[in-house]
Amino acid sequence: MKLVVGLGNPGRAYAHTRHNAGWAVLDEFAKRRRATFRRSWRRPVQTAKTALEGAGPLLLAKPLTYMNRSGDVLPGLMRPAGLAAQDLIVVADDVNLPLGTLRIRPKGGAGGHNGLKSVIERLGTEEFARVRVGVGAQREGRSLTDHVLERLDAAERQAVAAAAVQAAEALECLLVEGVESAMNRFN
């Protein structure tokens, strides 16, 4: 089994913000698999179970702990399923990438992303794959927090939606063919 986690923030105030690009990708991926997210009664997370031919069973998760504590739910999801960090793929926004572009990596640091920092701290390792979705750099004179929590305009929403479609395809490739193949095709 593999665990695919999309990072984001719960609530209407954060819908259609840059920080929720990870959730947009997971929603697109789940839609393709006809999987439905359900709220866990034990943990602050929404999960969906599905499968992908060539990859086997998958658990999709959207932590509801807010971005800075995204990693808090992972041990409780991974331990009972016998999953290791190598079984994890994290999908997150990236302000260092142009809007709508993707970057896939087999491992690495947080790159200043508090959600990834939380995942790394809770797991004690950087040895997990990640799919980063470009949401564009902050404008001069704006704080990073304001930038990632700002609602996207219509053109930006369209770019993130197109990136979510491409990222869902990249996830399928990563899960079936491996990270190197996905990097070669989608980076």
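Worth pointing out:
- Among S118, S70, S143: highest mean-square fluctuation, GNM of the chain, C-alpha pairs under 10 Å: S143
- Gain upon complete extension [T36, A155; 0.36 nm per residue less C-alpha separation]: 40.1 nm
- Phi angles across the range 172-184 convert, under the Karplus curve 6.51 cos²θ - 1.76 cosθ + 1.60 with θ = phi - 60°, into 3J(HN,Hα) values of 4, 4, 4, 5, 8, 9, x, 5, 4, 4, 5, 4, 5 Hz, Gly and Pro given as x.
- Pairs exceeding 18 Å between alpha-carbon atoms, taken from K2/K117; K2/K49; K2/K107: K2/K117.
- Residues of the range 160-187 with amide N under 12 Å of the 7 Å Cα→Cβ point at A55: 167-179, 182
- The long axis of helix 114-123 is offset from the longest Cα principal axis of the chain by roughly 20 degrees.
- Placing unit charges on the Cβ atoms only, positive for Lys and Arg and negative for Asp and Glu, gives the range 53-150 a dipole magnitude near 60 debye about its Cα centre.
- Distance between the range 58-89 and the range 101-134 - C-alpha centres, whole angstrom: 13
- Mean-square fluctuations from a GNM of the chain, with a 10 angstrom spring cutoff on Cα atoms, peak among A21, A30, A154 at A154.
- Proxy reagent accessibility, fewest Cβ within 10 Å first, across W23, W41: W41, W23
- Per-q log10 I(q)/I(0), the range 87-187, q = 0.21 Å⁻¹ (Debye; single scatterer per alpha-carbon; no solvent): -1.11
- Here V179, V4 are placed in order of increasing Cβ neighbour count within 10 Å, fewest first, which gives V179, V4.
- Quotient of the Cα radius of gyration of the range 26-83 and 2.2 N^0.38 Å, N being its number of residues: 1.14.
- Residues whose amide H falls under 5 Å from that of L102, counting only those 5 or more places apart or on a different chain, are G134, with hydrogens built in the peptide plane.
- Mean shadow area of the chain over all directions, Cα convex hull, nm²: 9.7
- Least to most buried among M183, M1, M78 (fewest other Cβ within 10 Å first): M1, M183, M78
Every number here is computed from the coordinates shown, using simple stated rules; none is lab data. A quick note: this is a predicted structure, and the numbers were derived from the prediction, not measured. As a convention, Cβ positions derive from the backbone with ideal geometry for all residues, glycine included, and neighbour counts pool all protein chains shown.
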